[in-house]
1. On a full-extension model of 0.36 nm per residue, what is the gain between F281 and S61, subtracting their alpha-carbon distance, rounded to one decimal in nm?
2. Could you give the length gained by full extension between E2 and D210, i.e. 0.36 nm per residue of separation minus their alpha carbon distance, to one decimal place?
3. Cα convex hull of the range 1-76: mean projected area in nm², to one decimal?
4. Provide the three semi-axes, in whole Å and in decreasing order, of the ellipsoid equivalent to the chain as defined by the square roots of 5 times the Cα gyration tensor eigenvalues.
5. Looking only at Cα atoms, what is the convex hull volume of the range 59-100 per residue, in Å³?
6. May I ask you to list the GluC sites (Glu not before Pro) in the range 267-336 that are in a DSSP loop and have at most 16 other Cβ atoms within 10 Å of their Cβ?
7. Mind putting a number on the dipole of the chain about its Cα centre? Charges go on the C-beta only, +1 for Lys and Arg and -1 for Asp and Glu, and I need it in Debye to the nearest 20.
8. Among Q204, Q46, Q260, which one moves the most in a GNM of the chain with springs linking Cα atoms closer than 10 Å?
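The numbers here are math on the coordinates, done by the rules we state, and not lab data. What you see is a predicted model; the values in this text were computed from it and never measured. Here the Cβ positions follow ideal geometry from the backbone for every residue, glycine too, while neighbour counts run over all protein chains shown.
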Amino acid sequence: METVRLGIVGLGNMGKAHLANIRGGKVTGLRVTCLCETVGTIPALQEGETAFTDVSEMITSGKLDAILICTPHYSHTTIGIEALQHGLHVLVEKPISVHKADCEKLIAAHTDKSKTFAAMFNMRTNAAFKKVKDLIETGELGEVRRVHWEVTNWFRTNNYYATGGWRGTWKGEGGGVLMNQCPHNLDLFTWMFGVPQRVRGFCQFGRFHDVEVEDDVTAVLMYDSGLSATFVTSTGEAPGRNVLEISGERGRLTVTDNAQIHFQRNRQPMTEFSYASEAAFAMPESWHMDIPVDNTGGQHVEILQNFTNNILSGEKLLSPAEEGIRSVELANAILLSTWKDATISLPMDAAEYERILKDKSENSTFVKKVVAKKASADDFAKSFR
Ligand SMILES: NC(=O)c1ccc[n+]([C@@H]2O[C@H](COP(=O)([O-])OP(=O)(O)OC[C@H]3O[C@@H](n4cnc5c(N)ncnc54)[C@H](O)[C@@H]3O)[C@@H](O)[C@H]2O)c1
C-alpha cells in the first residue's frame, strides 16, 4: 500500500478541521476517500470521495483502509468496535470512550494487531511536554515528589454548550470538562507521571453554565511512591491560567501555557541536602534557568502523519489507543469520588461507574436550552490551547 484511503465519520468542528488538513496536503500518504455525516452537512465532495449517511455502509464499502472517528464521545466505542471487526485501521478522537467499561470493550476488539489503532492525543506532540517527560525519565529532575496542574483556561461560554445539542449532559457527553477538554491533560498527566493509586475528587456541576455535568474540578491524586498531586480545572473561570508545577529532588519545573519551561535547579538533591546539612535553617543552593523549547509540536497533523506512517512503514505510534483508557479511568474516578464523597482506589470498579452514569443519563430531569447557531471554523480554531 502506498496511500492510505481514509474515511472520516462526523463532519462537525473537528472532522472538518481534519478534512481541511488532509485535503490541504499536510499529511503525506493519506487520502480522504469517504465522508460520513448523519445530521450536519458534508463539505462539497472532491474527486475520489464518496459521501455516506450510514457509518456501517461506509465501513463495509471497501472504499477505505482506515477510519477517523470524530463523532460525539459515546459513539467512539460502537463505531470503533465495528470498524476494528471489519479489519480497518482506526484513529479515534479523544476520549476513546466515555467510561472505563466501554474502553475495555473497545480495546478488546483490537484483536488483529496488524491493524493500527491510535487515539488523537495531539498534545503529546507539544515540545514542552516531550521535554518534561525527557527530564523526568533521564533523572534530570530527580525523583518527582509533588505535582500541581492548574488548567483553568479552558474557558467556554454558555453559548458553547447551548449550540452543541449533545454537550453538557450525561446522556449526550457523559461528563463535562473532564470528558471534553481534559482528556488531553489527564492523558499527559498519566503519560508523564503514571496512574495514581488513590483519587479524591471535588466536582461542581453546572457551577458556571446551564449544564448538568461538571464544569469545575479539584482533585487530589496519590501515588504509592509517595508522590502527591493536585489537578484543578474549569471551563468557567476567566482569565484562568495553565500552570504545571513539578517538584523533584533536583528542583522545580514550571510549565506555563503548555509552552514555556522554567527550571529552578537544586545544586544538591533536597533530601540528600536535608540529611547532610549541619544547619537547622539552611536551603539547598538553587539556580534559575529557562529551558528552550523549539516549537509547539505538529499537533493534529503530526498524529495523522504518525498514524499513516505506522500503517505504511511501522513507525512507532505516538498515542496508541490502548493508552486512552488511563485518562478515562482517571476522569471517571474523580467523578465517582465526588458522587460517593469518598476516596477511590485504582483500578476502579468499571461496572459500578457505568451503572451510576447510566442512571444519571436515564433519570435526568435536566432540560437544556438549545440554540441553533453553530460555532464558525475560526471560532473553533480558538479552542486549541
Ligand atoms: N483533539 C482535539 O483537539 C479535539 C478538539 C475538539 C473536539 N475533539 C473531539 O472530536 C469529537 C467531536 O467533537 P466536535 O467538536 O467536532 O463535535 P461536533 O458536534 O461539532 O461534531 C460531531 C459531528 O458528528 C456527527 N455525528 C454524530 N453521530 C454520527 C454518526 N453515527 N455518523 C455520522 N456522523 C455522526 C454530528 O452530526 C456532528 O456533525 C469529540 O469526541 C471531541 O472530544 C477533539
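1. Result for the pair: 72.0 nm of gain on full extension.
2. Gain on stretching E2 to D210: 70.0 nm.
3. For the range 1-76, averaging the hull's shadow over all directions gives 4.9 nm².
4. 37, 25, 20
5. In the range 59-100, the Cα hull volume divided by residue count equals 64 Å³.
6. Here the sparse-neighbourhood loop sites are E278, E285, E315.
7. Dipole about the Cα centre, nearest 20: 500 debye.
8. For the chain, modelled as a Gaussian network with Cα springs under 10 Å, the answer is Q46.
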